[in-house]
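To start, the structure under review is shown below, and the notes come after it.
The values are calculated or read from the model by the stated rules, or taken from the named source; none is laboratory data. All of these numbers come straight from a predicted model, not from anything done at the bench. Here Cβ is always computed from backbone atoms with ideal geometry, including for glycine, and neighbour counts include all displayed protein chains.
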Amino acid sequence: MGLEKFINVNQTEEYFNSPYGKPSRLDERLWIPPMGDSRVRLLPQPVENSVPYLVVQRHSYNYQDQILWAICPKTIGQKCPICDVAWTFYYATPETYGSKAAYLNNLGAGLRPITRFYFNVLIVSDPENPENEGEVKVLSMGRKLWNIVQQGWKDIGLAIFDPENGYDLIIRKRQMGQFPDYTTSSFARQASNVGKIEDLLERAYVLTDLITVYSDSELIEMFSVIPEFREFYEGKSETPTPKVVKGKMPEIKVPAEVETEPEDVGTFLPGVDSSEVAEPTSESETKGQESDTTLDVSDIDDILSNLDV
Ligand SMILES: [Zn+2]
């Protein structure tokens with residue numbers, strides 16, 4: 001019996017050579033629109049009586065070039081230890097945190113969850129990777145593209161999800177500064193038939209299947225590479241005391257083009273757009289909304305899709 005029949009040697013080699021025992025590339029079920037124009041047909045979930053998309057909260061942060069990435073447990077209605085740190089730091093004041101407060105505010109802003117919207121799509125046109133055409137994948141979109149789909153639902157209705165007599169979503173991805181911009185995307189003017197609904201639904205995903213939620217302790221361990229995050233849980237039972245910070249503060253990277261809309265930005269750097277940041281949910285998290293500096297963590301799908309480590 002040939003072992004090679006059961007073990008993909010090249011892929012296994014790649015896994016063993018990866019820092020975490022697994023290449024940290026994008027989930028293969030996800031599809032990233034190429035720069036330029038591409039077309040998809042949105043599809044329902046293969047679940048009766050369901051909403052055809054899933055709202056996902058996600059944490060992503062780049063700490064010293066290390067990618068920290070996790071689905072926020074609030075996506076499935078659970079408490080989240082990262083959110084607890086994010087919002088505590090985000091609203092840290094000099095009274096309790098001394099001269100470190102401003103740094104913690106930035107760190108907290110970067111750790112906040114961002115909102116993504118998962119849709120099943122049939123890829124109709126992908127000029128960059130034509131082999132994707134005809135594939136059913138999951139498109140993770142930011143709020144700006146979701147707003148276009150939302151408008152399509154208002155204007156066209158169910159037919160935006162109809163493969164047999166419906167409308168393609170034409171995705172126009174442009175580079176705006178360091179961020180991709182999707183704002184000129186639209187639905188096709190002509191309805192078309194791209195396949196039988198039963199066939200396509202067989203290949204569509206139950207969107208919650210793409211969600212892996214780690215336990216609190218796993219999440220805390222993952223993000224504890226950030227010293228301040230680690231200290232938060234080490235000293236959890238104690239009242240935070242003002243800290244005297246000596247020497248140079250660690251730098252937090254904030255992009256210059258803060259006015260650009262980070263829709264699906266290929267960077268981890270905090271940008272400035274509150275629209276993608278999930279709203280705080282508990283009472284303690286909502287205080288100080290008026291002083292919201294609207295820092296945002298950028299999306300990392302593009303980066304992950306290009307990683308080959
Ligand atoms: Zn969270």
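In the stretch 33-92, what residues are of a type outside the set (S, T, N, Q), more than 9 Å from the ligand (Cβ to nearest atom), more than 15 Å from Asn120 (Cα to Cα) and in a strand (DSSP E or B)?
Correct list: Gly36, Asp37, Tyr61, Tyr63, Ile67, Leu68, Trp69.
Among the residues of the stretch 93-121, which ones are modelled with pLDDT of 95 or more, among the hydrophobic types (A, V, I, L, M, F, W, C) and part of a strand (DSSP E or B)?
Once the filter is applied, which keeps residues that are modelled with pLDDT of 95 or more, among the hydrophobic types (A, V, I, L, M, F, W, C) and part of a strand (DSSP E or B), the stretch 93-121 yields Phe117, Phe119, Val121.
Listed residues Leu145, Leu139, Leu107; which is of a type in the set (A, V, I, L, M), within 16 Å of the ligand (Cβ to nearest atom) and crowded, with 22+ Cβ neighbours inside 10 Å?
Just one listed residue meets the conditions, Leu107.
How many residues does the stretch 32-58 contain that are surrounded by 15 or more Cβ atoms within 10 Å (Cβ to Cβ) and of a type in the set (Asp, Glu)?
1
Only one of these is among the aliphatic types (A, V, I, L, M), at pLDDT 95 or above and assigned to a strand (DSSP E or B): Val194, Val124, Val149. Name it.
Val124
Please tell me if Asp168 is under 20 Å from Leu30 (Cα atoms) and acidic (Asp, Glu).
In short, yes.
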